[in-house]
1. On the Cα set of segment 13-81, report Rg and Dmax in Å, please.
2. Extending each Cα 7 Å along its Cβ direction at residue 79 and residue 38, get the distance between those two points in nm, one decimal.
3. How far apart, in nm, are the 7 Å Cα→Cβ label points at residue 58 and residue 15?
């Protein structure tokens, strides 16, 4: 049986996920703004705005996905180290 988490841990985890959401939104806005600026400079409205928005969404999604995947792998490694056995196998499901 695992001991209960400290009282402030849940709040910290919540802020971490809010930060990931802001990272995602910030990437989309940054790339959209860069595309808009490029469109105004080249006079090609709305080509680069659309491309920048799509690129920002894809890259931001991948960034958040990779961070969450690395965190999940780190948690699994910590659990293995703490319990001294493998996790994620059929017995753990």
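Rule-based calculations on the coordinates, nothing more; no lab input. Keep in mind the model is a prediction, meaning the values are calculated, not measured. Using ideal geometry, Cβ is built from the backbone for each residue, glycine included, and neighbour counts are taken over all protein chains shown.
1. Using the Cα atoms of segment 13-81, the pair Rg, Dmax is 16.4, 58 Å.
2. Going from the residue 79 label point to the residue 38 one covers 4.2 nm.
3. If labels sit at residue 58 and residue 15, their model points lie 3.5 nm apart.
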